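The values are calculated or read from the model by the stated rules, or taken from the named source; none is laboratory data. Everything numeric here is computed off the predicted structure, so don't read it as measured data. All Cβ positions, even for glycine, are placed from backbone atoms using ideal geometry, and neighbour counts span all protein chains on display. The area values use the complete protein model at the heavy-atom level, side chains included, leaving out ligands, DNA and RNA. Shrake-Rupley method; radii C 1.70, N 1.55, O 1.52, S 1.80 Å.
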Amino acid sequence: MEKLLKIVIENNRSWTKHGKVASYIPELAKANPNALGIHIFDLDCNEFCAGDYKTAFTIQSVSKVIILICALMDKGKETVFSKVGTEPSSDPFNSIIKLETRHSHKPLNPFINAGAIVCTSLVAGDNGIEKFERVLGMMKKMADNPTIQVNFNVYQSEKLTGNTNRAIAYYLKGANIIERDVEDVLDAYFKLCSVEVTVKDMARIASVIANGGIAPWSKKRLLPQKVNQIVQALMMTCGLYDASGEFAVNIGAPSKSGVGGCILSVVPKRMGIAVVGPALDESGNSIGGKKVLEEISEKLNLSIF
Ligand code: DON
């Protein structure tokens, strides 16, 4: 397997030249555009890695998966989906346009920024610090890594430049969808996007979801089965924003991307996969990571369809 992963990484490394590292958060522009790495953790706890798998990156939008898990566990399906929809969006991740034009003003789904900010407001905790700690604690459990922490420079950079997210959050407060203090919720969201991880952490998180919500290494249930089902359904339909359909066709595994360059993919009952490649395509998804996943899906027959 490791030999295969090595070949796939080298087959696709040239794709990184066709993408661009995210620069709207200045600190992210420092990432290495040529990096490309992968880690697989299967449900028998075998692990395989190749390429630049040691590269540390910030979790960015992949945090939205764990934020949604916590919101569903803390407030239940009815409450969460009374404030955020379950429909794919054909707009970019930070789009604001549908908030006004949709009759309910609800964000389309939990994985666009608007939906993730609403979900952050729903996570248990009296303030942003407690909400942040709640989600970080879940990330640590799912990654089986108690040392995960925030990259302070990225957090500062996100907070300084996150004005579109501010506009989104204040609009949602005006529409009574966010009931909490907006700056407090945003602070938790910015910190959660800035959590620093590696593909090893992310492959473990994916493996828990692939295993029905149970950690493969301890056999402990970390999230309810129903929550696990909902999260996978939304990853499949909305996880790659306006490229989710293409991803379902070419890879066929519930997945979530982030502008730090990670794509996390869940192969139900088989394995968790995480790739990193900070050069992004026009939808904000790792260009090399997507190509690596396509080739691996083809070679290992990973599509769930
Ligand atoms: O809200 C933002 O702009 C970022 N912190 C997260 C965006 C992101 O990762 C979008 N994913 N492709």
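Restricting the search to the range 28-58, which residues are among the acidic types (D, E) and open to solvent by less than 60 Å² (accessible area, probe 1.4 Å)?
Correct list: D42, D52.
Pairs under 6 Å by beta carbon, first residue away from the ligand (no atom under 11 Å from the Cβ) in the range 163-181, partner among the small types (G, A, S), six or more apart or different chains?
Note: pairs meeting the criteria are I178/S121; R180/S121.
Just give me the residues in the range 81-104 being within 16 Å of the ligand (Cβ to nearest atom) and in a loop (DSSP other than H, G, I, E, B), in sequence order.
Within the range 81-104, V84, P88, S89, S90, D91, P92, F93, N94, S95, I96 qualify.
Cβ-Cβ distance below 6 Å, separation of 6 or more or different chains: which pairs start in the range 61-73 with a residue that is among the hydroxyl-bearing types (S, T, Y) and end on one that is outside any helix (DSSP H, G or I)?
These pairs meet every condition: S61/G258.
Might you check whether a residue that is hydroxyl-bearing (S, T, Y) and open to solvent by 20 Å² or more (accessible area, probe 1.4 Å) occurs anywhere in the range 70-82?
yes
Would you be able to tell me the number of residues in the range 205-227 that are part of a helix (DSSP H, G or I) and either small (G, A, S) or in contact (Cβ under 8 Å) with a residue 24 or more places away in the chain (or both)?
Adding up the residues that qualify gives 8.
For A35, work out the one condition from (1) within 19 Å of I287 (Cα to Cα); (2) in a helix (DSSP H, G or I); (3) touching a residue at least 40 places away in the same chain (Cβ under 8 Å) it doesn't fulfil.
Among (1) within 19 Å of I287 (Cα to Cα); (2) in a helix (DSSP H, G or I); (3) touching a residue at least 40 places away in the same chain (Cβ under 8 Å), the lone unmet condition for A35 is (2).
Look through the range 233-260, keep the residues that are within 9 Å of the ligand (Cβ to nearest atom) and part of a loop (DSSP other than H, G, I, E, B), and return whichever of them is nearest to the chain's Cα centre (by Cα).
Ranking the qualifying residues of the range 233-260, first place goes to G258.
Can you tell me which residues in the range 163-204 are open to solvent by less than 10 Å² (accessible area, probe 1.4 Å), out of contact with any Gly (no Cβ under 7 Å at 6 or more places or on another chain) and either farther than 30 Å from H105 by Cα or assigned to a loop (DSSP other than H, G, I, E, B) (or both)?
Scanning the range 163-204 gives I178, S194, V197, M202.
Let me confirm something: among G284, G272, G288, which residue is crowded, with 24+ Cβ neighbours inside 10 Å and under 16 Å from the mean Cα position of the chain (by Cα)?
G272
When you go through E27, E78 one by one, which is the residue that is outside the structural domain of E133 (by TED's automatic domain parsing) and assigned to a helix (DSSP H, G or I)?
E27
Does the range 154-161 contain any residue that is small (G, A, S), over 20 Å from K83 (Cβ atoms) and outside the structural domain of L28 (by TED's automatic domain parsing)?
Yes, the range 154-161 has at least one match.
For N127, indicate whether it is closer than 24 Å to L28 by Cα, open to solvent by 10 Å² or more (accessible area, probe 1.4 Å), touching a helix residue (DSSP H, G or I) at 6+ places or on another chain (Cβ under 7 Å) and more than 16 Å from the ligand (Cβ to nearest atom).
no
Can you say whether P107 is more than 21 Å from I25 (Cβ to Cβ), touching a helix residue (DSSP H, G or I) at 6+ places or on another chain (Cβ under 6 Å) and within 16 Å of the ligand (Cβ to nearest atom), as far as the supplied structure shows?
Against the criterion (more than 21 Å from I25 (Cβ to Cβ), touching a helix residue (DSSP H, G or I) at 6+ places or on another chain (Cβ under 6 Å) and within 16 Å of the ligand (Cβ to nearest atom)), P107 does not qualify.
Quickly run through the range 205-226 and pick out the residues that are open to solvent by 10 Å² or more (accessible area, probe 1.4 Å) and closer than 30 Å to D91 by Cβ.
K226
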